[in-house]
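Comments concern the structure below.
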Amino acid sequence: MLWQSTTRHVMAACQQKCLAGRLLLKPQVLRVAYASFSCEHKGLRKPMFGGNFVRLHCPSQFGSSVLVLPPQRAMSSDRPGWYESLADSTPVHMMEQLLVGVQQTTGLPWWASIVCTTLALRTTVTLPLGAYQMVVIAKLEALQAEIAELAKRLRYEVSVRAKQQGWSEKACRYHFRKNLKRIVSELYVRDNCHPFKASLLVWVQLPMWVSLSFALRNLSLGLSDYTTALQAELSVGGALWFPDLTLPDSTWVMPVSLGLVNLLIVEISTLRRIEASNFQKYVTIFFRGISVMMIPIAATVPSSMALYWLSSSCVGLGHNLLLRSPRFRRLCRIPPTRLDSDTPYRDLAAAFIARFLK
């Protein structure tokens, strides 16, 4: 009660105006400054019911008055979009720290540091996952003969049961699919080769590629106080025809090389197939289009990003060829498949010449 009474008296006093030279107690607001949401201002007590502060600077004969109000939230149009949110995400900042740490530890120029970081990440992360993907694919291929035999036996059992129970054709198909799905799932569990595990490489490699690309973008453009000093280092950290890693490659050497390497990876993956389904043909066309589209995109981004993309594609091409080696496949304990060859590189060169050079 005492606090409420005091508050009413103060508010009433502030609203009174003194005439004939008397003081004007109602302050004049000149500027509104919204406080930061961290709210670590000295002398300000946090509001009882939560929230933060807003300063109203009101000069008077007794000094500047401060009125504390809760802040207004920004409009939805002022909020950062998905692109800015992704560039300011935690994985991107972790990649920034990784790049800076590698460069400061090794003392290499920035172009060499980017290449070494790419090689290290692709070798320690994506190469083991690529080998594991080959293991899963080989197991799935080995299961196809067993699945076909079990499906044949199940079809016979369903037909016998249908005659005994008087099932319709629709009921027969339902029971056949239901039991075949159960049998196939049990086989996947038995051999530890669920098809989703074959796509694990994509779910790891793609986020890593995006995070590292945005990290190089932030470092090259100096979008924060932390990266402003590093931008100057990147501007002189290039080599050969790209001395400035913060600018696009005006010669288009790296963008065109990137497109050619990506197209070569796509074509090598198609040369191994004996008969491609319609879905596989559409997927091949899609990746060919992506490889071509990457050329103009790489010509508009900083050279550091184009260098990373080209390095990543070259390392990926090398890993793709390495996973075809019979010795390396035995080392990784990849089960043999019907497409394996004792001379994979010779067969690959012959198939490439037969398709494109004849």
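The values are calculated or read from the model by the stated rules, or taken from the named source; none is laboratory data. Predicted model only: the values in this text are computed from it and were never measured. Here Cβ is always computed from backbone atoms with ideal geometry, including for glycine, and neighbour counts include all displayed protein chains. Surface areas here come from the heavy atoms of the whole protein model, side chains and all, with no ligands, DNA or RNA. Shrake-Rupley method; radii C 1.70, N 1.55, O 1.52, S 1.80 Å.
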Original post:
Which residues, taken from the range 242-281, are over 25 Å from the mean Cα position of the chain (by Cα), open to solvent by 60 Å² or more (accessible area, probe 1.4 Å) and modelled with pLDDT under 85?
Top reply: Arg272, Arg273, Ile274, Glu275, Asn278, Phe279, Lys281
Original post:
Where in the range 143-256 are there helices (runs of 4 or more DSSP H), lying fully within it, with 2 or more residues that are touching a Gly at 6+ places or on another chain (Cβ under 7 Å)?
Top reply: 225-235
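In the range 109-131, which residues are in contact with a helix residue (DSSP H, G or I) (Cβ under 7 Å, 6 or more places away or on another chain) and open to solvent by 60 Å² or more (accessible area, probe 1.4 Å)? Before the answer, list the steps.
Narrowing the range 109-131 to residues in contact with a helix residue (DSSP H, G or I) (Cβ under 7 Å, 6 or more places away or on another chain): 110-111, 113-119, 121-122, 125-127, 129-130.
Matches in the range 109-131: Trp111, Cys116, Leu119.
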**OP:** Give the residues of the range 318-334 that are open to solvent by less than 30 Å² (accessible area, probe 1.4 Å) and touching a residue at least 24 places away in the same chain (Cβ under 8 Å), sorted by residue number.
**Re:** His319, Leu323, Arg329, Ile334
Subject >> Where a residue in the range 167-191 is over 13 Å from Leu154 (Cβ atoms) and its partner, wherever it lies, is at pLDDT 90 or above, with Cβ under 6 Å and at least six apart >> reply: Asp191/Lys139
Original post:
Which residues, taken from the range 225-237, are more than 15 Å from Met95 (Cα to Cα) and open to solvent by 20 Å² or more (accessible area, probe 1.4 Å)?
Top reply: Asp225, Thr228, Ala229, Gln231, Ala232, Glu233, Ser235, Val236
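So which of Thr343, Thr337, Thr284 is touching a residue at least 40 places away in the same chain (Cβ under 8 Å) and either open to solvent by 30 Å² or more (accessible area, probe 1.4 Å) or not aromatic (Phe, Trp, Tyr) (or both)?
On the way: Thr343 fails: touching a residue at least 40 places away in the same chain (Cβ under 8 Å); Thr284 fails: touching a residue at least 40 places away in the same chain (Cβ under 8 Å).
Criteria check complete, one pass: Thr337.
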